[in-house]
Amino acid sequence: MDGTVRIEVTDGVAELVIDRPAKHNAVTPEIAAELAGHPRRIDADRAIRAVLLRGAGARAFCAGSDLNSLAAYPDAWTFRNRVVYEAAVRGIRKPVVVALEGWALGGGMEMALAADLRIAARSTRIGFPEVTRGWVGGGGASQMLPRLIGYGQAMRLLLTGEQIDAEEAQQLGLVEQVVEDGTEDEAARAICRRLAGFSPVAVQAVKAAVRQALEAPLSAGLAYENEMNVLCFSAGDHLEGIRAFAEKRSAAFKR
């Protein structure tokens, strides 16, 4: 097979690795189908507390959809019913941290936008080149970029196809942390391990509440946040947090 998606679970962290380095981890329909098959397993497996998404090799996180594969769709209807791999990442209920290095383009960067935290190596080059090829991205860039970096900067990137480096991406709020080349995987992994030590109910409630904030008016968002808070208390993990505070130790959440 010309590329695959590997999944490895260690200490509560699932690593999803797009493994097609010779092609800059470009996504074929087969890889998209593999990506789409993992979220349900990840969400159902209580041993998994957080997800690290990365690409194999040092040249690229992911260069987006494989252009040869795009040209092979027989008609627009077939393309419309393709597997949207970015949506598969967006649908994971547990926190997803992305490690970026090298090229992060088009659908590849849309996958990163679908995650929760983005750690970028200094060599990372980010771009949305779809307009230069005659189309608009279909994985969420036009919707997520304005929410993250504002209308004007989103239009600059989407209308021009201009690439930016990791430092500018951090200044814009497109990535959360910039690290030295070769250290991005471990930096992202360290965050995942930390998240894996928290209450899984609380972590997923935080993610659900913040995602709600992107879509709901303030009153509805505040009401949803309160319901998430009640859910956390009903799960009982808060009792361990209170005991740990009283005993001056780190909380040990077993769930």
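The values are calculated or read from the model by the stated rules, or taken from the named source; none is laboratory data. Here the structure is a predicted model, which means the values were calculated and not measured. Note: ideal-geometry Cβ built from the backbone for every residue, glycine included; neighbour counts use all protein chains shown. These area figures cover heavy atoms from the full protein model, side chains too; ligands, DNA and RNA do not enter into them. Shrake-Rupley method; radii C 1.70, N 1.55, O 1.52, S 1.80 Å.
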## Note on the structure
Dipole check, the chain, charges on Cβ (K,R +1; D,E -1), about Cα centroid: among Ala252, Trp103, Ala56 the Cα furthest to the positive pole belongs to Ala252
### Query
Cα gyration tensor of the stretch 16-102, axes a ≥ b ≥ c as square roots of the eigenvalues: rounded (a/c below 1.5), prolate (a/b > b/c) or oblate?
oblate
### Task
Working from Cα positions, state the angle (0 to 90°, nearest 10) between the long axis of helix 151-160 and the longest principal axis of the chain.
30
### Query
Tell me, what HN-Hα J-couplings in whole Hz come from the Karplus equation 6.51 cos²θ - 1.76 cosθ + 1.60 at θ = phi - 60° for each residue of the stretch 10-26, using x for Gly and Pro?
9, 6, x, 10, 9, 9, 9, 10, 7, 10, 8, x, 5, 10, 6, 6, 4
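With +1 on each Lys and Arg Cβ and -1 on each Asp and Glu Cβ, and nothing else charged, work out how big the dipole of the stretch 90-143 is about its Cα centre, in Debye to the nearest 20.
Here the size comes out at about 120 debye.
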### Message
Suppose every Lys and Arg Cβ carries +1 and every Asp and Glu Cβ carries -1, with no other charges. What dipole size does the chain come out with about its Cα centre, to the nearest 20 debye?
### Response
620
### Query
Assuming R0 = 25 Å, what is the FRET efficiency of Ser69 and Val131, from their Cβ-Cβ distance, to the nearest 0.05?
0.80
### Message
So for the chain, averaging the separation of alpha carbon pairs under 8 Å that are six or more residues apart and normalising by length, what relative contact order in percent results?
### Response
17
### Query
Setting aside same-chain residues fewer than 8 positions from Lys23, which lysines have a Cα under 28 Å from its Cα?
none
### Query
Percent of accessible area on the stretch 1-82 owned by carbon and sulfur, 1.4 Å probe?
51
#### Entry: Computed lengthening from Val210 to Gln171, 0.36 nm per intervening residue step minus Cα-Cα distance
11.9 nm
### Task
Assuming a ≥ b ≥ c are the square roots of the Cα gyration tensor eigenvalues, decide whether the stretch 70-128 counts as rounded (a/c under 1.5), prolate (otherwise, with a/b larger than b/c) or oblate.
oblate
### Task
Write out the chymotrypsin sites (Phe, Trp or Tyr not before Pro) in the stretch 90-163 meeting two conditions: DSSP loop, and at most 12 other Cβ atoms within 10 Å of their Cβ.
Trp135
### Query
What list of ³J(HN,Hα) couplings, whole Hz, do you get for the stretch 224-231 from phi and the Karplus terms 6.51, -1.76, 1.60, once you set θ to phi - 60° and write x for glycine and proline?
5, 4, 5, 5, 5, 5, 4, 4
### Message
Would you work out the Kirkwood radius for the chain? I mean one over the mean of 1/r across all pairs of different Cα atoms, in Å.
### Response
19.1
### Task
Amide H neighbours of Thr124 under 5 Å, at least 5 residues apart or on other chains, H built in the peptide plane: list them.
Gly102, Ala166
### Message
If the reach is capped at under 17 angstrom between alpha carbons, list the aspartates and glutamates near Lys254, excluding any in the same chain fewer than eight residues apart.
### Response
Asp11, Asp43, Asp45, Asp237, Glu240
### Query
Based solely on its DSSP helices, what 222 nm [θ] is calculated for the chain when runs of n ≥ 4 H residues each add -39,500 (n - 2.57) and the sum is averaged over all residues, nearest 500 deg cm²/dmol?
-14000 deg cm²/dmol
### Task
Take the alpha-carbon centre of the stretch 38-98, take the same for the stretch 186-245, and report the distance between them in whole Å.
24
## Note on the structure
Rounded to the nearest 0.05, FRET efficiency between Glu186 and Ser219 (Cβ-Cβ, R0 41 Å) equals 0.45
### Query
What list of ³J(HN,Hα) values in whole Hz, one per residue of the stretch 188-199 in order, does the Karplus curve 6.51 cos²θ - 1.76 cosθ + 1.60 (θ = phi - 60°) give from phi, with Gly and Pro shown as x?
5, 5, 5, 5, 4, 4, 5, 4, 5, x, 8, 4
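Kindly rank 61-69, 78-86, 106-114 from highest to lowest mean number of other beta carbons found within 10 Å of each residue.
106-114, 61-69, 78-86
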### Task
Express in nm, to one decimal, how much length is gained between Asn81 and Glu30 on full extension, taking 0.36 nm for each residue of separation and deducting their alpha carbon distance.
17.0 nm
### Query
Looking at the stretch 149-194, which GluC sites (Glu not before Pro) are DSSP coil and have at most 12 other C-beta atoms within 10 Å of their C-beta?
Glu180
### Query
Once a ≥ b ≥ c are taken as the square roots of the eigenvalues of the Cα gyration tensor of the stretch 136-246, is the result rounded (a/c under 1.5), prolate (a/b larger than b/c) or oblate (a/b not larger than b/c)?
oblate
